Amino acid sequence: MIETPIDYNEEDQAVVSAFEALAPEEQDGSFWSDLALNELKSRVKAYYITAQNTRCCYCDRHLGSTNHGVWNTEHVASRASHPRFMFKPTNLAASCPDCNINKGVKEVLTTPNRKTYPKTSSPRTSSAFLIIHPHFDRYEDHIHRINMVYLPKSKKGKKTIFVCDLLRFAQNFIDWENSAADTSFEEEVDTVFDEEPTVSQAAVDAVIAKLPIK
């Protein structure tokens, strides 16, 4: 979990304030691609790569590099759908390109038409999001990972696995004869969730024990 969001310098804050002062209908997520934002975007990406200890905010892989080409700047609530939140420090993080692409513009807000963005971590702010939030949730509270096999411990963990397609790693680590078509993983997880809204560590371990993990 990211402990402290970025604090914009004076120059960057001036740009952010000017954008946020626009009428809602004039705020456009495509502004993020404006060349005038290159330095701001570079500072944002560098900050979150370090704040996350070079781990992707969604798949939790340790990428082990601060090279900006290895990373995407992530808007938790999509800038295309929610441009009003585009510069909110707690809406920003660093993700691997695959997670960023798979998540795309999928809706992650519990209330899509909300007008304000949470600033501090609390159970209430966490519940405003359908997926694990890098600023408001502890990853290990929602997902258990063994090698690159992801098992949900909560509804939010399950949603994150789906939204970011974290099952994309499974066929390399689970010894199924026909990995692409085998539904054993999903069936095991669904069975557990049918019985419990929040999955205990013991239940997760029971699922792991049934999977032929390499």
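The values are calculated or read from the model by the stated rules, or taken from the named source; none is laboratory data. Because the structure is a prediction, the values reported are computed rather than measured. Here Cβ is always computed from backbone atoms with ideal geometry, including for glycine, and neighbour counts include all displayed protein chains.
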Of those in the stretch 48-70 that are surrounded by fewer than 20 Cβ atoms within 10 Å (Cβ to Cβ) and closer than 21 Å to residue 149 by Cβ, the residue farthest from the chain's Cα centre (by Cα) is 64
The condition of being touching a Pro at 6+ places or on another chain (Cβ under 6 Å) and farther than 17 Å from residue 27 by Cα holds, among 73, 90, only for 90
Of the listed residues (145, 114, 124), the one being surrounded by fewer than 20 Cβ atoms within 10 Å (Cβ to Cβ) and in contact (Cβ under 8 Å) with a residue 24 or more places away in the chain is 145
task: Answer with yes or no whether residue 167 is within 21 Å of residue 100 (Cβ to Cβ), modelled with pLDDT of 95 or more and surrounded by fewer than 21 Cβ atoms within 10 Å (Cβ to Cβ).
output: no
Query - Flag if residue 79 is charged (D, E, K, R) and surrounded by fewer than 18 Cβ atoms within 10 Å (Cβ to Cβ) - result: no
Pairing a residue in the stretch 44-56 that is assigned to a strand (DSSP E or B) with any residue that is not hydrophobic (A, V, I, L, M, F, W, C), where Cβ atoms lie under 6 Å and the two sit 6 or more apart in sequence or on different chains, gives 55/62
- Message: Among the residues in the stretch 22-29, are any touching a residue at least 60 places away in the same chain (Cβ under 8 Å) and more than 24 Å from residue 141 (Cβ to Cβ)?
- Response: yes
Filtering strands (runs of 3 or more DSSP E) wholly in the stretch 78-175 for at least 3 residues that are over 30 Å from residue 22 (Cα atoms) gives 143-146, 149-152
- Task: Scan the stretch 109-130 and give yes if some residue there is in contact with a helix residue (DSSP H, G or I) (Cβ under 7 Å, 6 or more places away or on another chain), modelled with pLDDT under 95 and within 17 Å of residue 1 (Cα to Cα), otherwise no.
- Result: yes
